[in-house]
Amino acid sequence: MQPGLLRIGVRLDQELDPHRCIELAVAVEAGGYSSLWFAENPLHRAILPALSACALHTERISLGIGIVNVYQHHPSLIAMEAGALDELAGGRVVLGIGSGVGARIARLGFDYRPIAALRDAIQIIRPLLRGEEANHRGRVFSADRVRLGFRPARPDMPIYFASMGDRSLALCGALADGLIISNMCPPGYSERAVAIVKDAAAAAARPLPSVVQYVPCAVRSGRDEARHLAKAAIGEMLATFWPVGSDWPALRETIVQHSGVTKVEMTAAVERLRRGEPAIRVLDDRFVAAFAVAGTAEECLTAATRYRRAGVDELVLTFSGTQPAEDIAYLGRAIADHRPDGA
């Protein structure tokens, strides 16, 4: 693969039924990608059934749980499920955990304390996956002389955190094996996040965690078509997940500062999208450059190098549009062309 081109994986959406996930998992492995990831949000399809099915229909690619939230899955249950899934997959599972979206977790009746929840969770999950007894009294989760009834096949299964805010990023560097950076984070934000994680890991005398980043991808032989698809994907995420109004948390301020779009422009764009205006009319190419990988296959690979320079080790793409299998194959051929000696 050409110098500077990072590993590339694929993320499948929870809206897909498990049978479609199997079809796409086969396409991902045939396309030469490094990994397949699933992210679970409350009250959508649970991801472990689809992950289990994909484990049985693939042989090589890593399978990322990215993420399950520790409120809906108690840490002991996460260890049980991840350990069993790793047996099924032959040691290919990467476990990603997070505290979820605060507003959604609060609606389920939990007292949302994201940093404490992540800290407690890994202190319980890690010893259980090692086949050891977990004893931890935490602010959110505790375990009193708890041990799994089976011995996980791989006690060193990597545990990643989905972290965005500065405190969560520092916790990731101090405790986790990897970082998952979410969608809607431009490369400049990623570079800053990696630096925080790296400093925290150094302070804890730990190796630098691996870094995975989710990014929407629109890849077509026609550049304009790809950019239209990318704008639609970005517009949907902005309308659904961006805070209302202009009084944003500090995290969102940081993201915008690295996006090349001003706060006034971002606020106006979100308001227009929520009024139902089409993304193709609302968003210009700066939004695509900041929040997506889009264009021809070669243009997408060139865009991917920006994330490598930011410190990302693996870019995990969510393919936009109605023909993901074809797009996965198209980009996969370009990736193969850049791989040295057909490796």
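Since every read-out is calculated from the coordinates, none of them should be taken as a lab result. Computed from a predicted structure; not experimentally measured. All Cβ positions, even for glycine, are placed from backbone atoms using ideal geometry, and neighbour counts span all protein chains on display.
Observations
- Put the Cα centre of the stretch 189-258 next to the Cα centre of the stretch 101-173 and the gap is 24 Å.
- Other residues whose C-beta falls under 12 angstrom from the C-beta of ILE328 contribute a net charge of -2, scoring Lys and Arg +1 and Asp and Glu -1.
- Its Cα gyration tensor gives the stretch 143-287 an equivalent ellipsoid. The semi-axes, each the square root of 5 times an eigenvalue, are 35, 18, 15 Å from largest down.
- Each Lys or Arg adds one and each Asp or Glu subtracts one; over the other residues with Cβ under 12 Å from the Cβ of ASP17, this totals -1.
- Rounded to the nearest whole Hz, the Karplus-based 3J(HN,Hα) values (6.51 cos²θ - 1.76 cosθ + 1.60, θ = phi - 60°) of the stretch 106-111 follow the sequence 4, 5, 8, x, 8, 7, with x at glycine and proline.
- With a cut-off of 12 Å between beta carbons, the residues surrounding GLY100 carry a summed charge of +2, where Lys and Arg count +1 and Asp and Glu -1.
- Phi to ³J(HN,Hα) by Karplus 6.51 cos²θ - 1.76 cosθ + 1.60 over the stretch 85-101, Hz, x for Gly, Pro: 5, 5, 4, 4, 8, x, x, 10, 8, 10, 9, x, 10, x, 9, x, 7
- Remark on ARG7: its backbone amide H falls under 5 Å from those of LEU315, a criterion applied only to residues 5 or more positions apart or on other chains, H modelled at 1.01 Å from N.
- Secondary-structure-derived ellipticity at 222 nm for the chain, considering helices only, amounts to -14500 deg cm²/dmol, per-run term -39500 (n - 2.57) for DSSP H runs with n ≥ 4.
- Given the alternatives (i) 30, 61, 9; (ii) 26, 43, 24, 5, 2, 0; (iii) 30, 48, 20, 2, P(r) over Cα pairs in 20 Å bins from 0, in percent as computed for this entry is given by (i).
- For ILE159, the amide hydrogen comes within under 5 Å of the amide hydrogens of ASP177, GLY178, counting only partners 5 or more places away or on other chains and with H modelled in the peptide plane.
- The relative contact order of the stretch 54-140 comes to 32 percent, based on Cα pairs under 8 Å that sit 6 or more residues apart.
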